[in-house]
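See structure below.
The values are calculated or read from the model by the stated rules, or taken from the named source; none is laboratory data. Predicted model, so just to flag it, every value in this text is computed and none were measured. In this analysis, Cβ positions are derived from the backbone assuming ideal geometry, glycine residues included, and neighbour counts consider all displayed protein chains.
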Amino acid sequence: MGYIRATDLRVQFAVYGIASRSLKKSLLRAATGGALATDAAAVVVKALDGVSFEIREGERIGLQGHNGSGKTTLLRILAGAYEPVSGTVDIRGSVVSMLSITLGMDPDATGYENIFLRGAIMGMSRKETEAIVDDVIAFAGIGDYIYLPLRTYSSGMSMRLAFAISTVVSADIILMDEWLNVGDAEFAAKVQQRLNQLLGSAKIVVLASHDDALLKQHCTRIIRLDHGRIVSDAPVAR
């Protein structure tokens with residue numbers, strides 16, 4: 001069963017030293033996006049300010065809003081990377097986060113070793129990672145480079161390997177911050193097919209993007225955020 005319920009989520013970040021500078025509050029608001037509060041020592045950015053929603057199995061949710069509206073912060077809460085200042089999140093089902101597909105990868109380790117490093121970050125045991133190594137190597141298509149340090153790879157090769165590792169396992173809930181575009185045209189076709197398979201098998205998908213057409217294509221419902229608050233939550237018209 002896939003299920004997400006968020007209740008009155010609040011996330012704040014204190015930025016010290018700003019309050020004493022001669023910057024106008026309006027300019028700071030434009031730069032940070034979040035709602036602001038000040039005290040004698042710091043400016044407090046309210047990244048999420050009383051966010052509540054429920055997502056049920058079968059839904060594909062699009063998160064929309066300007067830079068700093070709270071989209072990525074919300075995804076990180078759902079992924080378990082952030083703890084809210086207050087409020088609760090109830091999640092039922094396994095979660096795969098594709099917010100940073102290179103997280104945990106070491107440039108001095110070989111591609112093969114990085115499969116296990118990235119697998120550990122994703123919560124996989126060594127035995128589980130061993131079971132998917134051949135699939136990852138085949139999908140990445142980087143040949144014998146898999147046994148060389150990651151620092152010898154081109155950026156495209158690194159992204160191929162990272163994508164192959166991050167998408168080899170299925171989950172009940174998929175979290176994505178922007179649609180992934182990886183590699184050249186030939187590999188991009190494989191990426192599209194893998195993403196379609198991954199998202200098709202998931203019980204819930206949450207995708208943040210600025211691309212309105214993309215969200216309408218892949219999502220059943222769009223939640224729009226502005227300065228850390230939900231300003232609209234509506235199904236996609238077909």
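Side notes on the structure shown:
- Strands (runs of 3 or more DSSP E) within the range 136-238 that include 3 or more residues surrounded by fewer than 20 Cβ atoms within 10 Å (Cβ to Cβ), small (G, A, S) and not assigned by TED's automatic domain parsing to the domain that holds I115: none
- Among the residues of the range 61-116, those identified as modelled with pLDDT of 95 or more, crowded, with 19+ Cβ neighbours inside 10 Å and small (G, A, S) are G62, G111.
- Test: residue in the range 110-124 that is within 19 Å of L180 (Cβ to Cβ), without any contact (Cβ under 8 Å) to a residue 40 or more places away in the chain, part of a helix (DSSP H, G or I) and of a type in the set (D, E, K, R): no
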